[in-house]
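Working notes, structure below.
What follows is calculated from the coordinates using simple rules that are stated; it is not laboratory data. Since we're looking at a predicted model, the values are computed, not measured. Here the Cβ positions follow ideal geometry from the backbone for every residue, glycine too, while neighbour counts run over all protein chains shown.
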Amino acid sequence: MRKTLAVLLLICAATLSSWGTAREDSIERLNNSAEVLKAMMAASDKGIPEEVLDDAKCVVIIPHLVKGGFIVGAKHGRGVATCRTPQGWSAPAFVSVGGGSWGLQIGVEAVDLIMLVMNEKGLQHLLANKFQLSGEGSAAAGPVGRHASAGTDWKLESEVLTYSRSKGAFAGLTLEGAVLEQDDDSTKAIYGKEVGFRPTLVGEVATPPEAKEFKAAVSHAAFKASAKEAKDEAKKQTNN
């Protein structure tokens, strides 16, 4: 009887420890994602154009995506996503991204990854809970700079624009074969239960206290981008 009780206590302790670690990791991921977004807005002419962010329907941030391998490459990371709703930005949905690529690769590199969902088709693919960022979800390397070039097709054709940040500068990134899906462990750790991907991203789920800083960072970045684009457009009209 004592042995059985001892075993049960050990199992409970291990479960609580695991849950606590998952929760701490998830909170850290939220905070790191907020910092990546703040860095993006501070990057000026080396960052993501204001009009691109202002047009984005959803923002997905994967801090510390690990890429690497020898001959056969691999990439994996976990982060958070949020989408625009009539009431503002949604509560965060936890995601993981993984996949492989073929080519001559040596070494390991950790980068911050940002994905911007640009149109309704891309939004529906994201809400499907799991999709591949090539073929099913048309992902392209996003334009970089103070303004997006008028010659790019980002506004009309690209479902998802992808960016990576390494050594302080953002650059367009191609993610061939990467798969984006819900991170169930982090979802349970923060929300305390299973929460659907779609209900979260369409605004049907309340934002948990742990995500207040992340949501504030997204709202501030989007507002700043919108205000900057409006100011530039007004200046352009005046000059004309």
Q. If each of E120 and E210 carries a label point 7 Å out from its Cα toward its Cβ, how far apart are those two points in nm?
A. 3.6
Q. What number comes out for the charge environment of L201, summing +1 per Lys or Arg and -1 per Asp or Glu over other residues with Cβ under 14 Å away?
A. +1
Q | Calculated FRET value between K57 and T21, using beta carbons and R₀ = 35 Å, to 0.05 | A | 0.60
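What net charge is computed for the residues neighbouring K57, neighbours being all others with C-beta under 9 Å from the C-beta of K57, Lys and Arg scored +1, Asp and Glu -1?
Details: positive: R84; negative: D55, E120.
Taking every other residue near K57 into account, the sum is -1.
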